[in-house]
Amino acid sequence: MDNQKTILAVALAIVVFLLFQAWQEQNAPKPVAPTAVRQSVTAPGTPTPATVSSPAAVTPMVAPVGTSLQPATGPTVPFQTRVFTGQINLNGGDIQNLGLRHYPRAVDNPSPYPILDTTPAKLTVQQSGFVSSDGQTLVARFAAPAVQSADSQPLTLTGQAGPLTVEKTWTFQPDSYVVEEHITITNNGSTAWDGSYFDQILRNDRAESHMFMSIFTGAVLMHQGNFSEVSFGDIHDHPELKSGPGWAGMMDHYFLTAILPSEHAQTQVYARPSGTDYVAGVSTPLPALAPGQSTTITQQIFLGPKKQQTLAAMGRGLEQTVDYGWFSVIAEPMHVVLTWFHGLVGNWGLAIILLVIVVKSIFFYPSAISYRSMANMRKLQPKLEKLKKEVGDDRQKLGAAMMELYRSEKVNPMAGCLPIVLQMPFFIALYWVLVESVSLRQAPFILWIHDLAIPDPYYILPLLMGVSMFFQQRLNPAPVDPMQKRIMSALPVIFAVFFSFFPAGLVLYWLTNNVVSIGQQYLITRHIMAVKD
């Protein structure tokens, strides 16, 4: 094996790895919709801060066991904090149409990103209610508050669900994506009531499109310390129901919605189909309530970006929703270093460049071994060409003659293999860091690069990367085999086209890596070529 074959094998391995990820995304089993048909949903209009009228009646909405709850419609109460802008629906008392103020929809659309959305195309809503011991599902209807709450002050609503009087209080911290919920339930009926309280996230099965990237979208469950991701197809085929402390939610590429009951509460976490959609939630058993008795549930809801440090600080295993793949042990420190560099320079593109330099510094000596091997192989190029002319088309004889030449000249063609292979886990780990980091979403670099998480709109970075590969090949020994030579010559063009679909941050990484490698390889090659035999 010579170094040209090694480079070709490594390059093709990376391509195959990325294509396999894309194949998994495109060919994963699609869920078959249940026979039940979800009714069309009409999104309520945007409310104004004026007082919202309460429903004419306060009778509960009752649904038989097994019937899927429809997204709530009707009057809403608006609220806003430094990070949120949203509504609470009086039919159910749940948060809906929640926008994240620090995360625009797109570079050219500054409106808040809707992490909760009632529109059918992007349906993601919170739903809560009660299930009695005889199987009835009760969803409370709340009266509008007499005074609208402002900014991050607690918001309290009172409503009725069958014989139960329900008081819900939401507490919003100014800069937090965690919402505190306190639910007090009082039995105002004439007989004892026994049942449970459920809180869940309803989501349609839309998949995000990410070229050559397998990005998980679906339910996430934490059960007794064990974290699991459950795709929509798996939910349809094998609904989940687990008893014990835990939490549940839905996540996509960058954002997470999660119901977080008290840490040691004996709950049930579940993920199941709901009509043509899917739910993930938590069911909390309530004590039997005699007439006049009350009980209170305290829980949290996380509605925000998957920032690893923020999630880890919460101490509930939420940071596991940031998935760095097989090489997490490498990726996590790289993310820490990348974030630290961003704190120094204030630009994620520059932080990527600095991180590449650090990685290249770690592999400076292994890379030097590889480049010396390539330089020595290049120095032998005239002798190899002479051998080819002498031997002709006899490949077996040519191979034996080449190995004899390597032994006589004390050149090891395998010396360049191991350093390149050792660097592959670091490349793949950094690949996932750049893909998974919400911080790079809509992060500008320079000039025309306004978002490092999407492809270069003018294909300049992929073109520069192809040019860098061309110059790097000029420093390597030319393949003896004509077919291999043609393949190697085509690689810069193939990779430039291939990487034009990649996020600009990833292309910037590869381009920087090539430039630094060219500098190191050029100096080593010039030194070895200058030494006379």
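A few points about this structure:
- Test: residue in the range 197-217 that is modelled with pLDDT of 90 or more, outside any loop (DSSP other than H, G, I, E, B) and either farther than 22 Å from Pro120 by Cα or touching a His at 6+ places or on another chain (Cβ under 9 Å) (or both): yes
- Which listed residue is more than 26 Å from Thr339 (Cβ to Cβ) and of a type in the set (Ser, Thr, Tyr), from Ser489, Ser437: Ser489
- The C-beta contact set for the range 350-369 (first residue over 13 Å from Phe426 (Cα atoms), second residue part of a helix (DSSP H, G or I) and hydroxyl-bearing (Ser, Thr, Tyr), distance under 8 angstrom, 6+ apart or interchain) comprises Ala351/Thr339; Ile352/Tyr509; Ile352/Thr512; Ile353/Thr512; Ser367/Ser517.
- Qualifying residue in the range 431-446 (condition: outside the structural domain of Pro305 (by TED's automatic domain parsing), of a type in the set (Lys, Arg) and over 28 Å from Met251 (Cβ atoms)): no
- Among (1) modelled with pLDDT under 90; (2) within 23 Å of the chain's Cα centre (by Cα) - the single one Val337 does not satisfy: (1)
- Pairs, first not assigned by TED's automatic domain parsing to the domain that holds Leu202 in the range 266-277, second of a type in the set (A, V, I, L, M, F, W, C), C-beta under 9 Å, six or more apart: none
- Here Ala140 fulfils each of the conditions (1) surrounded by fewer than 22 Cβ atoms within 10 Å (Cβ to Cβ); (2) in contact with a Leu (Cβ under 9 Å, 6 or more places away or on another chain); (3) closer than 17 Å to Ala72 by Cβ apart from (1).
- For the range 241-260, filtering for residues that are without any contact (Cβ under 8 Å) to a residue 40 or more places away in the chain and part of a strand (DSSP E or B) leaves 4.
- Qualifying residue in the range 134-148 (condition: under 20 Å from Leu303 (Cα atoms) and of a type outside the set (Phe, Trp, Tyr)): no
Per-residue answers, yes or no, for (1) touching a Ser or Thr at 6+ places or on another chain (Cβ under 6 Å); (2) closer than 29 Å to Gln173 by Cβ; (3) surrounded by fewer than 18 Cβ atoms within 10 Å (Cβ to Cβ):
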site	(1), (2), (3)
Thr295	no, yes, yes
Gln300	no, yes, no
Lys307	no, yes, no
Thr310	no, yes, yes
Leu318	no, yes, no
Thr321	no, yes, no
Trp326	no, no, yes
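- When the range 441-459 is filtered for residues that are surrounded by fewer than 16 Cβ atoms within 10 Å (Cβ to Cβ) and among the β-branched types (Val, Ile, Thr), only Ile446 remains.
- In summary, strands (runs of 3 or more DSSP E) completely within the range 95-172 and bearing 1 or more residues that are of a type in the set (Lys, Arg) occur at 164-172.
- Annotation note: Cβ proximity below 7 Å between a residue of the range 508-531 that is closer than 29 Å to Asp456 by Cα and a residue that is of a type in the set (Gly, Ala, Ser) and modelled with pLDDT of 75 or more (sequence gap 6+ or interchain) occurs for Leu508/Gly349; Leu511/Ser468; Asn514/Ser468; Val515/Ser468; Ile518/Ser468.
- Among (1) at pLDDT below 70; (2) closer than 30 Å to Tyr103 by Cβ - the single one Ala375 does not satisfy: (2)
- The set of residues in the range 173-185 being out of contact with any Leu (no Cβ under 7 Å at 6 or more places or on another chain) and modelled with pLDDT of 90 or more consists of Ser176, Val178, Glu180, Glu181, His182, Ile183, Thr184.
- Any hit, the range 201-209, residues being closer than 22 Å to Arg82 by Cα, in contact (Cβ under 8 Å) with a residue 40 or more places away in the chain and surrounded by fewer than 18 Cβ atoms within 10 Å (Cβ to Cβ): no
- Test result for Thr321, at pLDDT 90 or above, among the hydroxyl-bearing types (Ser, Thr, Tyr) and over 30 Å from Asn188 (Cβ atoms): yes
The values are calculated or read from the model by the stated rules, or taken from the named source; none is laboratory data. Quick caveat, the model's predicted, so the values are computed rather than measured. Methodologically, a virtual Cβ is constructed for each residue, glycine included, from the backbone with ideal geometry; neighbour enumeration extends over all protein chains shown.
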